[in-house]
1. For segment 104-122, give me each residue that is open to solvent by less than 20 Å² (accessible area, probe 1.4 Å) and either within 18 Å of GLY148 (Cβ to Cβ) or near the ligand (Cβ under 8 Å from one of its atoms) (or both).
2. Would you call VAL25 open to solvent by less than 20 Å² (accessible area, probe 1.4 Å), outside any loop (DSSP other than H, G, I, E, B), within 16 Å of the ligand (Cβ to nearest atom) and closer than 18 Å to LYS202 by Cα?
3. THR134 is checked against (1) within 16 Å of the ligand (Cβ to nearest atom); (2) in a helix (DSSP H, G or I); (3) at pLDDT below 95 and fails just one. What number does that condition carry?
4. List, please: which pairs have Cβ atoms under 7 Å, are six or more places apart or on different chains, and start with a residue in segment 109-130 that is β-branched (Val, Ile, Thr) and end with one that is surrounded by fewer than 18 Cβ atoms within 10 Å (Cβ to Cβ) and outside any loop (DSSP other than H, G, I, E, B)?
5. It is to be established whether one or more residues within segment 81-100 are among the polar types (S, T, N, Q) and either modelled with pLDDT under 95 or more than 18 Å from the chain's Cα centre (by Cα) (or both).
6. Could you list all residues from segment 167-182 that are open to solvent by less than 30 Å² (accessible area, probe 1.4 Å) and assigned to a helix (DSSP H, G or I)?
7. Name the single residue, out of those in segment 145-166 being within 11 Å of the ligand (Cβ to nearest atom) and not in a strand (DSSP E or B), that is surrounded by the most Cβ atoms within 10 Å (Cβ to Cβ).
8. Which residue pairs have Cβ atoms closer than 8 Å, lie 6 or more positions apart in sequence or on different chains, and pair a first residue in segment 35-48 that is open to solvent by 10 Å² or more (accessible area, probe 1.4 Å) with a second residue that is part of a helix (DSSP H, G or I) and of a type in the set (Lys, Arg)?
Amino acid sequence: MGFLSVLSMAHKLVKERVSQGDTVVDATCGNGVDTLLLAELAGRRGAVYAFDIQAEALERTRDRLAGSSGGGVSAAEKAGAASSGAALHLVHASHADMAAHVAADAHGNVAAVMFNLGYLPGADQTVITTPDGTLAALDAALSLLRPGGIVTVVLYPGHPGGAEEADAVQQWAASLPQAAAQAVLYRMAQKAEAPYLMAIEKR
Ligand code: SAH
């Protein structure tokens, strides 16, 4: 049957840790696939913050959650988005500044922060996440999390600059004190170029 894809594994880890009413963050909303999952999990009483530096990504995400996007959005997705009702904050800003945008009373109580790095498919491929911004955002994410909360990062070593960014994220994770967080990798051992997942659970 094969192993779960990297994206499915990220979703599984997040699903296991997010409940109705939680506050959650999509650090790179892109097409909005992770934002939609987070909105469904957080539900009516929950709050979702979705960041992107490209207006186009925020629009695609708004459409996906409104169920009004054309091809690629399934009936189940539309139903899920329409019924989730989570408070959605679409933030046109860098994820490096996420702490300034998440409500102060949620600091230390965020259940999950999802990152999907690289470029927005079908848009300007020179707009990519960068090591400096990503590491600043990861620090912010970890401090926003509650104990038991999770950060997921999908890394793309295949595009120019992507391998350097992935290495920087791995070094960052390896240097975290074990008493603060536990970090795991989910990666295809035979495909160095393939996207892979880093997950960090706060203690
Ligand atoms: N590589 C994935 C999609 C990643 S989308 C795939 O192939 O499916 C990554 C998103 O991160 C893009 O929409 C991009 O605009 C956004 N982004 C880049 N830098 C950012 C930053 N500093 N803060 C927030 N979002 C950023």
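1. Answer for segment 104-122, where residues must be open to solvent by less than 20 Å² (accessible area, probe 1.4 Å) and either within 18 Å of GLY148 (Cβ to Cβ) or near the ligand (Cβ under 8 Å from one of its atoms) (or both): ALA106, VAL110, ALA111, ALA112, VAL113, MET114, LEU117, GLY118, LEU120.
2. yes
3. Going through the list (1) within 16 Å of the ligand (Cβ to nearest atom); (2) in a helix (DSSP H, G or I); (3) at pLDDT below 95, THR134 breaks only (3).
4. VAL110/ARG146
5. For segment 81-100, residues among the polar types (S, T, N, Q) and either modelled with pLDDT under 95 or more than 18 Å from the chain's Cα centre (by Cα) (or both): present.
6. Selection gives ALA168, VAL169, TRP172, ALA173.
7. For segment 145-166, the residue satisfying everything is GLU165.
8. As it stands, the answer is LEU37/LYS15; LEU41/LYS15, since those pairs meet every condition given.
The values are calculated or read from the model by the stated rules, or taken from the named source; none is laboratory data. The structure displayed is predicted, hence computed values, not measured ones. Cβ coordinates were reconstructed from backbone atoms using ideal geometry, including for glycine residues, and neighbour counts include every protein chain displayed. Just so you know, the surface numbers come from the protein's heavy atoms only, side chains and all, with ligands and any DNA or RNA stripped out. Shrake-Rupley method; radii C 1.70, N 1.55, O 1.52, S 1.80 Å.
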